[in-house]
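The values are calculated or read from the model by the stated rules, or taken from the named source; none is laboratory data. Just so it is clear, the structure is predicted and the values come from calculations on it, not from any experiment. Quick reminder, even Gly has a Cβ in these numbers, built from the backbone with ideal geometry, and neighbours come from all protein chains shown. Side chains included, ligands, DNA and RNA excluded: accessible areas come from the protein's heavy atoms. Shrake-Rupley method; radii C 1.70, N 1.55, O 1.52, S 1.80 Å.
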Amino acid sequence: QFGRTEVIDNTLNPDFVRKFIMDYFFEERENLRFDFYDVDSKSPNLSKHDFLGQMFCTLGEIVGSQGSRLEKTIVGIPGKKCGTVIVTAEELGCCRDSVLMQFCANKLDKKDFFGKSDPFLVFHRSNEDGSFTICHKTEVVKNTLNPVWQAFKISVRALCNGDYDRTIKVEVYDWDRDGSHDFIGEFTTSYRELSRGQSQFNVYEVINPKKKGKKKKYVNSGTVTLLSFLIETEVSFLDYIKGGTQINFTVAIDFTASNGNPSQPTSLHYMNPYQLNAYGMALKAVGEIIQDYDSDKMFPALGFGARLPPDGRVSHEFALNGNPQNPYCHGIDGVMEAYYRSLKSVQLYGPTNFAPVINHVAR
């Protein structure tokens, strides 16, 4: 049991508020079951309440439905209409933006005895408890007090966990070969401040607290300036599905003799009456996931590398259902059926030639 909705009293058309947060994995079949109960008492024990039916689906089916909204009949009480249920899914807006930023500095403190400094920046985001976690280091610019660092890209989640006002601490160091980098100074900012872009607001004084405490006339250890700030939104796989992308599944099966004789248990095409062979397993594993995202569930199924009846000509692009004009099969079960049928009629041959089926799909 993953969770329960709230109880809504005295209604046959409830609209439940409680949401369930689930991890979504495109490549896995995530089976869900919804059970409906009429609550009669305060007892948490479900057997004390009336069962109203259930609905089975996959998470992919909900996500793959138009508008990610699935309407399905409730079943489970023989001879009784149990109504319908509507389930909607939405991706959590977990701030998928990234930013491209570039910084330069002016008049940084000279730390090296012989040359100038070799400066680099270290960015830290603040945590809930006031501690800091490092989230980015720039490259080192050698022998200069006025460095220009390369632009870098970082996700907003990594920079401030999506909280625009959270403190971002930036430290400036002088790189040393032995790893004992000298601290030049630091400043703080936030995503909201940085997002103003290049302006007088984004010129920061680099302060070394030790120096500030010791020297009365201390002003700063240089300045760091934001040169550019560009927001990029990362588009997710679900955005494509929501936008109406259909995944069209075409399958092509390798009927070359290197698979082994189908009557032998060692063959990948072994005709085992009791369980799926290797090709059947692969077809089912991939197909059952993809089919949730293909609205008509009609899949073209092809074969290559076999001799076809009646004349034994070798083909690298033949329809498993025997109909070259319409190689579509209904659902994964239809593909499996056509596969087993053609396995009985063709002769495994060769060579392994992929190009014709790839060109077929491209056409």
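Structure above, values below:
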| read-out | value |
| --- | --- |
| The stretch 1-129, dipole about Cα centre (Lys/Arg Cβ +1, Asp/Glu Cβ -1), debye to the nearest 20 | 160 debye |
| Approximate shape of the stretch 318-361 as ellipsoid semi-axes (Cα gyration tensor, √5λ), whole Å, largest first | 18, 15, 9 |
| Coil-residue chymotrypsin sites (Phe, Trp or Tyr not before Pro) of the stretch 204-285, DSSP, other Cβ within 10 Å capped at 14 | 218, 274 |
| Cα centre as origin, Lys/Arg/Asp/Glu Cβ charges: the stretch 72-150 dipole, Debye | 240 debye |
| Rel. contact order, % - alpha carbon contacts under 8 angstrom, at least six apart, the chain | 12 percent |
| HN-Hα J in Hz across the stretch 191-204 - Karplus 6.51, -1.76, 1.60, θ = phi - 60°, x for Gly and Pro | 4, 4, 5, 4, 5, 6, x, 5, 6, 5, 5, 10, 10, 10 |
| For the stretch 222-358, convex hull volume per residue from C-alpha positions, Å³ | 203 Å³ |
| Calculated percent of Cα pairs over 40 Å apart (choose from (1) 50; (2) 16; (3) 9), label | (1) |
| Cβ charges +1 (Lys, Arg) and -1 (Asp, Glu), total dipole of the stretch 97-233, debye | 640 debye |
| Separation between Cα centres of the stretch 206-269 and the stretch 280-357, rounded to whole Å | 35 Å |
| Sum of -39500 (n - 2.57) over DSSP H runs of 4+, divided by residues of the chain (222 nm, nearest 500) | -4500 deg cm²/dmol |
| The stretch 142-238: trypsin sites (Lys or Arg not before Pro) falling in loop per DSSP and having at most 14 other Cβ within 10 Å | 142, 177, 196, 215, 216, 217 |
| Those trypsin sites (Lys or Arg not before Pro) in the stretch 6-87 that DSSP places in a loop and that have at most 15 other beta carbons within 10 Å | 18, 19, 29, 42, 80, 81 |
| Set of lysines with alpha-carbon distance to residue 107 below 19 Å, sequence-local pairs under 8 removed | 116, 142, 210, 211, 212, 215, 217 |
| Accessible-area ranking of 271, 336, 281, largest first, probe 1.4 Å | 281, 271, 336 |
| Contour minus Cα-Cα distance for residue 276 and residue 114 (0.36 nm per residue) | 50.9 nm |
| Given charges at Cβ of Lys, Arg, Asp, Glu: the stretch 221-363 dipole, positive-most of 347, 244, 304 | 347 |
| Local electrostatic count, residue 191, Cβ distance below 15 Å [Lys/Arg +1, Asp/Glu -1] | +3 |
